[in-house]
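Just below is one structure, and these are the notes that go with it.
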Amino acid sequence: MAIEGRSETRSGRIRLGMVGGGNDAFIGGVHRIASRIDDKYELVAGALS
């Protein structure tokens, strides 16, 4: 049985949740910016510090 990493039936962006990485955290901003540049992710939930 092969495991496929992609679903042809799925459309739209991947829903992303982030833990940590609030406004004062450097790496959180980097991840948020990178996910928007790629335009394949949508930040839908977070527990930001």
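No lab work stands behind these numbers, since they all come straight from the coordinates. Values in this document were obtained by computation on a predicted structure and should not be read as measured data. We place every Cβ from the backbone using ideal geometry, glycine too, and count neighbours over all the protein chains shown.
Assorted remarks:
- Number of residues in the stretch 12-34 that are touching a Leu at 6+ places or on another chain (Cβ under 6 Å) and either part of a helix (DSSP H, G or I) or free of Cβ contacts under 8 Å to residues at least 24 places away in the same chain (or both): the value is 0.
- Of the residues making up the stretch 33-49, those that are under 14 Å from Arg13 (Cα atoms) and surrounded by 13 or more Cβ atoms within 10 Å (Cβ to Cβ) are Ser35, Tyr41, Leu43.
- Reported count of residues in the stretch 31-40, each being closer than 10 Å to Met18 by Cβ and of a type outside the set (Lys, Arg), is 2.
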